1. Explain nothing, just compute: Karplus ³J(HN,Hα) = 6.51 cos²θ - 1.76 cosθ + 1.60, θ = phi - 60°, for every residue of region 335-346 in order, whole Hz, x for Gly and Pro.
2. Read phi for every residue in region 359-366 and hand back ³J(HN,Hα) as whole Hz from Karplus 6.51 cos²θ - 1.76 cosθ + 1.60, θ = phi - 60°, with x for Gly and Pro.
3. Any chance you could check the Cα centroid distance between region 558-603 and region 1-63 for me, in angstrom?
4. When the helix-only estimate is applied to the chain (DSSP H runs of n ≥ 4, each -39,500 (n - 2.57), divided by the residue count), what is the mean residue ellipticity at 222 nm, nearest 500 deg cm²/dmol?
5. If we count every other residue with Cβ under 11 angstrom of ALA293's Cβ, Lys/Arg +1 and Asp/Glu -1, where does the sum land?
6. Taking DSSP loops as anything outside H, G, I, E and B, show the longest stretch in the chain free of GluC sites (Glu not before Pro) there with at most 13 other beta carbons within 10 Å.
7. Could you give each residue of region 446-453 its phi-based ³J(HN,Hα) in whole Hz, using Karplus coefficients 6.51, -1.76, 1.60 with θ = phi - 60°, and x for Gly or Pro?
8. In region 185-241, what trypsin sites (Lys or Arg not before Pro) fall in a loop by DSSP, with at most 14 other Cβ atoms inside 10 Å?
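Just so it is clear, none of the values below were taken in a lab; they were calculated from the coordinates. Keep in mind that this is a model prediction, so the values were computed, not measured. Methodologically, a virtual Cβ is constructed for each residue, glycine included, from the backbone with ideal geometry; neighbour enumeration extends over all protein chains shown.
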Amino acid sequence: MLDSTAPFMSLPDKTKAWLRPLFKEVVYSKAHRLYLQNHSGMEGFDFVLEGGYEGYFYDRNQKKRRVEIYGPGVWFGGISYLYNKGISLQTVDTLPETKVLRIGKDDFFKLCEEAPSFRNHFVREFGERMLDPEFVHFIKGATYYPQQNNITSDSFYAHKVDALNPRELVTCSENTPIREAAQLMTEEKTSCIFVTDDAGQIVGYATDITLRDLVIGKNMPTSAPIREVMKSDMVSIDTEAYIYESLLLMFQTKTRYLLVSKNGKYVGFISRNKLLSEQSQSPFLFIQSVKQATSIPELKEKWAQVPAIVEQLLQRGVRSETVNEVVTTVSDTIALRVIDDVIHQVGPPPSKFVFMTLGSEGRKEQTLKTDQDNAIIYEDKANEQRELVREYFLDFADKVSENLDAIGFSFCKGGFMAKNPKWTHSLSHWKRNYDAWMMESTQETVMKYSTFFDKRPIYGDFSILDELHEYMGQQLEAPLERFFYNMATNALQYEPPLTFFRGIRTFTVGEQKVFDIKKAMTPIVDITRVFALKNKIFLTNTGKRLEALAENDIITEEELLELKQAYYYLMGLRLDRQAKQIMLDKVEPENFVGIESLTKIEKVTLIEIFKVIKNFQMKVKIAFTNTIF
């Protein structure tokens, strides 16, 4: 069959003789997913002997489009190698009892070089397909995974802020009349002007929106000094930071302009519009689209696209802690849209409040296997208003949780969410909660409520949480040996899965030998938390906590490096496995990692990481339990 099939039959006899021994026979006895469009690397260039492949594209609703069958006598993979960097253009499933002959990537390209007629066969095939508008639609990136397309520029992930040529600063004195500042903005064709004090230091900024809302909207005289309307919540980034880090910082701080610094001095600024327009294929444009979503179904669709973005970032070498922040930023953005919609539905809140996230989301370490962990603190009100205020927030929390569940953030099985009346309360009630957990500590309560020590505000009046932290700081002044002993004991519950002979301990799930990667990471989270609380560090992110501990000489610089590398290596592996489970296997993500799926290098790395974790556990034993046994 091979000799009678184009373009093989047109090859010179010498080339055929060289090529034949390179083919390896590959058999797929059952139907299974072989490639995912614009995601999976090709395993080789194939000639189908028996059975075949079903190739198709997923549209935005995950429906199969443009289905093709590649049966016996058909070559497969040439177009993806020549035109898509060896990434499969289509999603491909094997048919049962499929047998193919396969050569590797290097041999395919060597063959194309030695026999131009062979290469031209696939060039013509690609040209014919490009006459099909539907094919063009999908390969241009309008797929279910739009941010995954290889057209996306690698420069977004490799280049630094300096490469954007930040715009020079346009400045004026804080005493400049608003009218003159606006005229200067017009002359310089800028939508943002930075304000300096008498010493020439930047103390604020004003934008077109500032002038619209605070000057025209409030009928303020334009003779007033610009300092009366300027904003002072400036955010800056260094020229050596990566472009994607600057966009992430913008979304997290909700700023539209970033000051750019070099060697400690401000040298220019960049705008969100400039970044988004120049990086139109980046995942951060996707975050902007989430902010503009107007319905629960649309938000659900956005959340379903996150696994592809995660895998794209990991494949491009973006640090796993940054990937965590991207996932968290998307989930925060969705939660904010839901909260705004519910407030619009039920009316404005009767008191100040803060909506906070807990656990992994509170630490900005959210993965793709996630549920709701949140709570509400509202300000104390007079007795006659208490029931009215409580009734509002319980109804509000119920609607928010129901909508989040519909989008894909399932209800917390442990009930740690604002929907539960136990976790929507006044500030004074929350203070009593922390009193009980810290002053009347038992190992059971510490284990059960540790998630509440990883809290982060996302909506409302953040000063309410600041007041709670201030109160906790006062409580931490008291002797809390039992509290820290129980927290430390809790941190020692999960041992790294190391065997006596320094292998990886596994258990069986189905037919696979696996280990639980979440439990493997838990000791780092728990131990870092107990050291942070002991030293009144109210940061929640594990990496930031570790850095603060190193700054306070609680851990050494070497320990900081080892622990961060260990934690984020595990995080990257966890995110990668979960993304593949969702996209390739079409199953709910889990925290089990099959030992057979790991390379030798990964296994060796994991063993070394587990040793680092055991040493960290020894540190907490000595510090809080006065024992090494």
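1. 4, 5, 5, 5, 4, 4, 5, 5, 4, 4, 6, 9
2. With coefficients 6.51, -1.76 and 1.60, one gets x, 4, 5, x, 8, 6, 10, 5 Hz.
3. So the separation of the two Cα centres works out to 30 Å.
4. Details: 23 runs with 281 residues, N = 629.
One gets -14000 deg cm²/dmol as the mean residue ellipticity at 222 nm.
5. +1
6. Details: sites that count: GLU97, GLU168, GLU240, GLU440, GLU477, GLU511.
Counting at most 13 other Cβ atoms within 10 Å as exposed, the longest clean stretch of the chain is 241-439.
7. 5, 5, 6, 10, 4, 4, 7, 9
8. Taking region 185-241 and a limit of 14 other Cβ atoms within 10 Å, the loop trypsin sites (Lys or Arg not before Pro) found are LYS189, LYS218.
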